[in-house]
Amino acid sequence: MIRKSLISLAVAITTVLGAACVQNSEPTAPARVEAPSQVPQEQTVVIEEVHREAEHKLLPAVPVLTRPAAKMRMADALVAQGLSIVRVPVEPVNRENYAHFTDNPVRRAAEHPLSTFSIDVDSGAYSNVRRMINAGQLPVRDAVRVEEMINYFSYAYPLPDSDKTPFRVTTEIGPTPWNSATRLLHVGIKGYDIDRRDLPPANLVFLVDVSGSMQSQDKLGLLKSALTLLTRQLREQDRISLVVYAGASGVVLEPVSGREGAKIQNALEGLTAGGSTNGAAGIRLAYRMAEQAFIEDGINRVIIATDGDFNVGTVSFEALLDLVREKRKSGIALTTLGFGTGNYNDRLMEQLADVGNGNYAYIDTLNEAQKVLVDEMGSTLQTIAGDVKIQIEFNPAVVAEYRLVGYENRTLQREDFSNDKVDAGDIGAGHTVTALYEIALVGEGGQRMEALRYSRENKPSPDAGKELALLRLRYKQPGETRSRLIETPLYRADIMSDPGKTSDRFRFAAAVAGFGQLLRGGKYVEDFDYTSVLELARNARGTDRFGYRGEFIQLVNLAASLQQQQVRAGR
């Protein structure tokens, strides 16, 4: 009788709580317990850290429970004690990872006349910031890399005269929109373009993350659609391989001709997500496949598509960078395509591309995939100049202070500029690269620092004041190990005082730079605000073939609204 009563009581408790907890006894394949239908979806959070520990130690796997199921077990005990239960909504855990950095400081030209940095053609920060703002949140400070926001957009720089010189340098100096007492030096680089039909034969290895963290539609689903867009552009002479990784890695598709679209498409469509993430094993296998199908004088590139959440095998940040740094010696470049939210590892994705002589993009929409993999296919795949470094020597007789806007994780030491063993960024066909300096001229009152008492700063003179700075640029032609030097003097007479006489590209790049700085806290932008950004961008929109600049204006509007909401909420 007592036993029947206990059974009846257990059934009643289970009915009241509306769920039963199911435990899997299999050590190698932990089951996911589905949340009851009456529990809101946003309360479902997978408890996985203990299981990851088990995977590392090769211990029997711990069953994976959803949050509702775990709460049911706790509820069983509480009901047995006669305690009431209040259900509290569970906020999703955000484990996104961004590298911390501080804004470049203001420097006095008399003390530090040289500024040296590597170029950066990545654009991932902009689309990632766009994803956050469109989701109704202002981005975290470290997600905003101003140079990547500026370089997301193409600017109508003049093309080089021939492909014997891979790019052409354009400069412009005008008023700084956020500080009337300083000037803005705009440096633009435009690489020669190649029609996609004229690209060299390509050996591409798709390295796809199919771990459990990639299950959502904005990850593996979008990834498949994105790579499908690229495969439709391929030619008979191109070779495609498909490598996947989760807890282990494997080859899904051996190298096939780009014309075998059905075979490639079937391989992509067959991908499903599940398991842990051994990214290092996948990287090694992908490079091995690329080496086997290597094309002399062709495009040889691994394209890794992932959320960057590596959790088994080699997971150390530095160890992963060292792995790719070693593999780049084979002449195979690495492009990283980021996907997803919640556990996204931006820090790893950006740095892997940097050390892999490649580029980094974040894919938040199919339109972004079209931009990166179709519209900009040549610049994404074909490198026309490697290890591109910029060094500017400011004339302290004319320039009192300067500040490089962005490129914080791309700065180099003075001696690195002439050292051909020091790695730097590469430029793809048709790529544009833009860098901005805010400069304060001697005698114009824009300085932020006092001059040293015992320094020998020159005063302006008719002779010394003609040159504002000397721009030096080093690069290597593909296949070469010695760099070439370009020098371009910049003259004070070229400074424009009327903002209306500056180009659309000058003013639009300044608007994007201002927006990025505001998102990072606005340390140097004085009274410049989102309204100022909007006015500047609208008046400089110019030709907007794909609508990217119009989308930027909408994004600024949305960011302004989100900021106002935060102010009203007292945050």
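Can you give the Rg to Rh ratio of the range 461-548, both from alpha-carbon atoms, with Rh computed by the Kirkwood formula? Don't skip to the end; give the middle numbers.
Details: Rg = 18.1 Å, Rh = 16.4 Å.
My calculation of the ratio gives 1.10.
Report the local net charge at Leu485: Lys and Arg +1, Asp and Glu -1, summed over other residues whose C-beta lies under 12 Å from its C-beta. Walk me through the numbers on the way to the answer.
Working: positive: Lys389, Arg472, Arg474, Lys476, Arg482, Arg484; negative: Asp420, Glu487.
Computed value for this residue: +4.
Among Phe294, Thr335, Ala319, flag the residue with its Cα farthest along the positive direction of the charge dipole of the range 196-380, charges on Cβ as +1 for Lys/Arg and -1 for Asp/Glu.
Going by the charge dipole, the pick is Phe294.
As I understand it, the dipole of the range 201-315 uses +1 on the Cβ of Lys and Arg and -1 on the Cβ of Asp and Glu, about the Cα centre. Which of Val244, Gly261, Gly221 lies farthest toward its positive end?
Looking along the dipole axis, the top candidate is Gly261.
Charges at C-beta only: +1 for Lys and Arg, -1 for Asp and Glu. How large is the resulting dipole of the range 196-380 about its Cα centre, in Debye rounded to 20?
Numbers: 18 positive and 23 negative charges, 76 e Å.
Charge dipole, the range 196-380, about its Cα centre: 360 debye, nearest 20.
With all distinct Cα pairs included, what does the Kirkwood hydrodynamic radius of the range 301-442 come out to in Å, to one decimal, could you say? Intermediate results must be reported in sequence, preceding the final value.
Details: mean 1/r = 0.0584 Å⁻¹.
Result for the range 301-442, one decimal place: 17.1 Å.
Radius of gyration and Dmax for the range 233-300's Cα atoms, expressed in Å?
Cα-based Rg and Dmax for the range 233-300 come out at 12.8, 38 Å.
If the chain between Glu326 and Gln564 were fully stretched, how many nm would it gain, using 0.36 nm times the residue separation less the Cα-Cα distance?
Details: separation 238, 0.36 × 238 = 85.68 nm, distance 4.80 nm.
Extra length from Glu326 to Gln564 when fully extended: 80.9 nm.
Expressed as a whole percent, how much of the Cα-Cα distance distribution for the range 512-571 exceeds 20 Å?
Numbers: 498 of 1770 pairs.
Percent of Cα pairs beyond 20 Å in the range 512-571: 28.
What is the spin-label model distance, in nm, from Asp297 to Gln215 if the labels are put 7 Å beyond Cα along the C-beta direction?
5.0
Can you compute the modelled spin-label distance between Ala248 and Glu236, with each label point 7 Å from Cα toward Cβ, in nm?
Those two pseudo-labels are separated by 3.9 nm.
Could you tally the net charge around Leu199, taking each other residue with its Cβ under 10 Å from the Cβ of Leu199, Lys/Arg +1 and Asp/Glu -1? Display every interim value, and only then the final one.
Working: positive: Arg196, Arg197, Arg235; negative: Asp195, Asp198, Asp238.
So the surrounding residues net to 0.
Determine, for Phe167, Phe101, Phe508, the number of other Cβ atoms within 10 Å of each Cβ, and report the residues in order from fewest to most.
Working: Phe167 26, Phe101 12, Phe508 23.
Exposure proxy ranking, most exposed first: Phe101, Phe508, Phe167.
Can you list residues whose amide H is under 5 Å from Leu271's amide H, if they're 5+ apart or on another chain and H is modeled 1.01 Å from N?
So Leu271 has HN proximity to no qualifying residue.
Can you tell me the convex hull volume per residue for the range 196-380, based on C-alpha atoms, in Å³ to the nearest whole number? Could you put the intermediate results ahead of the total?
Numbers: hull volume 17.5 nm³, N = 185.
Enclosed volume per residue, from the Cα hull, is 95 Å³.
In nm, to one decimal, how far is the Val140 label point from the Arg168 one, both placed 7 Å along Cα→Cβ?
Going from the Val140 label point to the Arg168 one covers 4.3 nm.
If we count every other residue with Cβ under 13 angstrom of Tyr548's Cβ, Lys/Arg +1 and Asp/Glu -1, where does the sum land? Mind dumping the intermediate values first?
Working: positive: Arg130, Lys371, Arg541, Arg545, Arg549; negative: Glu368, Asp375, Glu376, Asp544, Glu551.
Computed value for this residue: 0.
Sort Glu480, Glu376 so the one with the fewest other Cβ atoms within 10 Å of its own Cβ comes first. All intermediate terms of the calculation are to be shown ahead of the outcome.
Values: Glu480 13, Glu376 19.
In order of increasing Cβ crowding within 10 Å: Glu480, Glu376.
So how many Å³ per residue does the convex hull of the Cα atoms of the range 90-180 work out to? Before the final figure, lay out each step's value.
Details: hull volume 17.8 nm³, N = 91.
Measuring per residue, one finds 196 Å³ for the Cα hull of the range 90-180.
Every number here is computed from the coordinates shown, using simple stated rules; none is lab data. None of the values given here were measured: they were computed from a predicted structure. Backbone-built Cβ (ideal geometry, glycine too); neighbour counts: all protein chains shown.
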